[in-house]
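Q: Once you've had a glance at the structure underneath, I'll fire off some questions.
The values are calculated or read from the model by the stated rules, or taken from the named source; none is laboratory data. All of these numbers come straight from a predicted model, not from anything done at the bench. Virtual Cβ from ideal backbone geometry, glycine too; neighbours counted across all protein chains shown.
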């Protein structure tokens, strides 16, 4: 398999052949904004999903998991403004009706339709507006951009991209859209993300390739340590590009391309965390193993104290080390080296003097990098997060009121 | 053993017989405030401690653990403004010197002196000022109040109390002081707390009674999910009240009294979390077992999204359920009942309509109560936390700069 990968940053989830989308303002959100969208493939797709690990699952998650059991799907309906979570039996009936309405609209069976809802928890969907909205949606080739906007809640910008890959198996495109921006934490699929490809992909391989891509991307970002009952990452593959069937034996490049799309979208989610002004990258090397490296990187990236310090350009690196220490990863303090924006602040467990003003100035940029060398083994991992601002609190102190 | 317990709220760590304390402004803090203090017993004490579980331990923690190996101690020296953590070999030398200086001052051996430091991590102690400060401290019977102030960092008020207990074994007093106010999270001893008693207590029993008291108090509070390398809870018992020796066979009332002191101080710490305006109490009943109840209560009390909602008086109860779901405790959504400030918002997994304005008004008080009934078993636990305010971020975005 060749290795030519060409990213189309202006691309979106409808960039692969045969995918259409559309969105409307259905008045589910209190403000007059796009809040309901449909993504649809012209042909049946093999499909796979990764969902929230929260013990409380929103009705759309339970329904979509059920509809994915046969490893196929052809459409996704998504709304923002209401998560349809913690809504009891009537919430499940509403999710079922959403799938049925879309199926009728585009001529599918309800089992071919996946459902995703994001927004306030514990409030029933306004189904009259949802029904009217579904009827109004017009599906077009450019509709992916509107869909990316319709799934936004407190997101500041839509997150979307597409990538074109030339390979010996044939050329294909992978597109994706995602939304954040709060209740984002690893150990689960994290937020909503829809991926599409026109490659022909073996159904079992599609699930495994998706899980691996999620593990290095969405499962390595954190915004606030909270995890949503609605988290969903779904991929649809319709085969319209006419490639050979991609499977575990020839799928290396497909994995690489999917990782790239997921990583780009995940970093967009981290960068656009609620109230965030900076992207934080935490790279851990030399941990006992990869699992401990992941744990350490994610714990540091989610420390509210470190995140607040980054917000204020305060080179308070002690908080990095304190978070590392509580992460559960093995640490020998006297073997530990720490770099903040490429400045060594701790070497073999002892503080290294540094220019505080210079480092503070460098921390005022849009991206902050933390590197730790544990010098214990070969484990390494990278996590992404964002700073913690007063704005995060302001957003979340009056979300429903 | 009798059960008469009389709390002395104006009391402090020097209320039990034979304890003296004093504090000075040693200029360790950048502002001119009390920042160095000594607590001392006139007689040798049996002693026990519970320390941070962070893999990175501050030098004073390592030294105090060593000095407690013989289960005895007679003095504690504490400073704020600098944690003497992540300071390498010279940091350990500084802690050793602090113990030695205090030992010389009050005529003890260095092994009888415990050391605690709180403040910025990764910065060496200004030892010239520490030495001068130790020389200046005057030990008095009323000095506990000054000590409570000297150990404060971002705390808004000193945390202290004493309790007088009449029992068949003889009357005795337990006193205590504590400080918060950030990097506070369970699974460890959490912050600094010094406890004293004039009861005669068996040394092994003292350790077990302290661990139990910490488990229901300091280990059940959370402010920000971060844990300090300096967390220390220490108890000194000098026997001067002339009670019979209290041990595991007759110590029920002592446990009860110590629990009460620890619980009062722990709730003070939670209430005075950095930027906090409210105390949040989360009570979980009907979990599969106590461990799961503790997990659930602590996860909810530490959810930044729920904490931010409480700050804004927003009855966004879905965030309670979302945090419960990610806690790891077993939950059957359709058996779950949730009460927010005594208003039922979810019954058997379905939302219950409630007066949003009335509940919002009730949430504007100084204490917010959450009760969850999982209806799965007998496990119950209570955790305490505080709201998340813009002020928390402001405090922590410029702590060292």
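Q: Look at residue B:132 and say whether it is away from chain A (no Cβ under 14 Å), surrounded by fewer than 23 Cβ atoms within 10 Å (Cβ to Cβ) and at negative phi.
A: Numbers: away from chain A (no Cβ under 14 Å): yes; surrounded by fewer than 23 Cβ atoms within 10 Å (Cβ to Cβ): yes; at negative phi: yes.
Judged against the criteria, residue B:132 is a match.
Q: Then there's this: Looking at A:316, A:334, which one is in a loop (DSSP other than H, G, I, E, B) and without any contact (Cβ under 8 Å) to a residue 40 or more places away in the chain?
A: Values: A:334 fails: in a loop (DSSP other than H, G, I, E, B).
Just one listed residue meets the conditions, A:316.
Q: With the condition kept exactly as written, say whether any residue in segment B:316-324 is in contact with a helix residue (DSSP H, G or I) (Cβ under 6 Å, 6 or more places away or on another chain), more than 26 Å from residue B:216 (Cβ to Cβ) and more than 7 Å from chain A (Cβ to nearest Cβ).
A: No, segment B:316-324 contains no residue that is in contact with a helix residue (DSSP H, G or I) (Cβ under 6 Å, 6 or more places away or on another chain), more than 26 Å from residue B:216 (Cβ to Cβ) and more than 7 Å from chain A (Cβ to nearest Cβ).
Q: Would you confirm, using the coordinates I've provided, whether residue B:284 is outside any helix (DSSP H, G or I) and not assigned by TED's automatic domain parsing to the domain that holds residue B:207?
A: Against the criterion (outside any helix (DSSP H, G or I) and not assigned by TED's automatic domain parsing to the domain that holds residue B:207), residue B:284 qualifies.
Q: Check segment A:347-362 and report whether any residue there is within 23 Å of the chain's Cα centre (by Cα), under 24 Å from residue B:124 (Cβ atoms) and either within 9 Å of another protein chain (Cβ to nearest Cβ) or at pLDDT below 90 (or both). Write out each step before concluding.
A: Residues of segment A:347-362 that are within 23 Å of the chain's Cα centre (by Cα), as a first pass: none.
No - not one qualifying residue is present in segment A:347-362.
Q: Same structure, new question: Suppose we keep only residues that are in a helix (DSSP H, G or I) and at the interface with another protein chain (Cβ under 8 Å from one of its Cβ atoms) within segment B:287-305. Which one would you say is nearest to residue A:395 (Cα to Cα)?
A: Looking at the filtered set, the residue picked out is B:305.
Q: Every residue in segment B:372-401 that is within 21 Å of residue B:269 (Cα to Cα) and in a strand (DSSP E or B), please.
A: B:381, B:382, B:383, B:384, B:385, B:386
Q: Another question, if that's okay. Just name the residue that is farthest from residue B:151 (Cα to Cα) out of those in segment B:227-238 that are assigned to a loop (DSSP other than H, G, I, E, B) and touching a strand residue (DSSP E or B) at 6+ places or on another chain (Cβ under 7 Å).
A: Looking at the filtered set, the residue picked out is B:238.
Q: Out of B:235, B:246, which single residue is surrounded by 24 or more Cβ atoms within 10 Å (Cβ to Cβ), over 19 Å from the mean Cα position of the chain (by Cα), modelled with pLDDT of 90 or more and in the same structural domain as residue B:141 (by TED's automatic domain parsing)?
A: The unique qualifying residue is B:246.
Conditions (1) at pLDDT 95 or above; (2) part of a loop (DSSP other than H, G, I, E, B); (3) touching a strand residue (DSSP E or B) at 6+ places or on another chain (Cβ under 7 Å), marked per residue:
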| position | (1), (2), (3) |
| --- | --- |
| B:122 | no, yes, yes |
| B:125 | yes, yes, yes |
| B:128 | yes, no, no |
| B:131 | yes, no, no |
| B:135 | yes, no, no |
| B:146 | yes, no, yes |
| B:152 | no, yes, yes |
| B:161 | no, no, yes |
| B:169 | no, yes, yes |
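Q: Another one. Would you check if there is a residue in segment B:333-343 being out of contact with any helix residue (DSSP H, G or I) (no Cβ under 6 Å at 6 or more places or on another chain), within 18 Å of residue A:397 (Cα to Cα) and either at pLDDT 95 or above or facing chain A (nearest Cβ under 9 Å) (or both)?
A: Looking through segment B:333-343, at least one residue is out of contact with any helix residue (DSSP H, G or I) (no Cβ under 6 Å at 6 or more places or on another chain), within 18 Å of residue A:397 (Cα to Cα) and either at pLDDT 95 or above or facing chain A (nearest Cβ under 9 Å) (or both).
Q: I would also like to ask the following. Against the condition facing chain A (nearest Cβ under 8 Å) and touching a residue at least 24 places away in the same chain (Cβ under 8 Å), how does residue B:380 come out, does it pass?
A: No.
Q: Hey, any hits in segment A:343-359 for a residue that's farther than 25 Å from residue A:212 by Cα, touching a residue at least 40 places away in the same chain (Cβ under 8 Å) and not in a helix (DSSP H, G or I)?
A: no
Q: Something else about it: Condition check: surrounded by fewer than 22 Cβ atoms within 10 Å (Cβ to Cβ) and within 7 Å of chain B (Cβ to nearest Cβ). Does residue A:369 satisfy that?
A: no
Q: Right, next: Is it the case, given these coordinates, that residue B:385 is under 27 Å from the mean Cα position of the chain (by Cα) and within 13 Å of chain A (Cβ to nearest Cβ)?
A: So residue B:385 passes the test.
Q: Go through the residues of segment A:209-221 one by one and say whether even a single one is in a loop (DSSP other than H, G, I, E, B) and within 14 Å of chain B (Cβ to nearest Cβ).
A: First, the residues of segment A:209-221 that are in a loop (DSSP other than H, G, I, E, B): A:217.
Next cut, within 14 Å of chain B (Cβ to nearest Cβ) only: none.
Within segment A:209-221 (the criterion being in a loop (DSSP other than H, G, I, E, B) and within 14 Å of chain B (Cβ to nearest Cβ)), the answer is no, since none of the residues qualifies.
Q: Looking only at strands (runs of 3 or more DSSP E) that lie completely in segment B:1-111, which have at least 3 residues being in the same structural domain as residue B:264 (by TED's automatic domain parsing) and either buried (at least 17 other Cβ atoms within 10 Å of the Cβ) or out of contact with any strand residue (DSSP E or B) (no Cβ under 9 Å at 6 or more places or on another chain) (or both)?
A: B:19-24, B:36-51, B:72-82
Q: From the list B:324, B:295, which one is surrounded by 17 or more Cβ atoms within 10 Å (Cβ to Cβ) and under 22 Å from the mean Cα position of the chain (by Cα)?
A: Only one candidate qualifies: B:295.
Q: Taking residue A:269, is it assigned to a strand (DSSP E or B) and surrounded by 23 or more Cβ atoms within 10 Å (Cβ to Cβ)?
A: Details: assigned to a strand (DSSP E or B): no; surrounded by 23 or more Cβ atoms within 10 Å (Cβ to Cβ): yes.
Judged against the criteria, residue A:269 is not a match.
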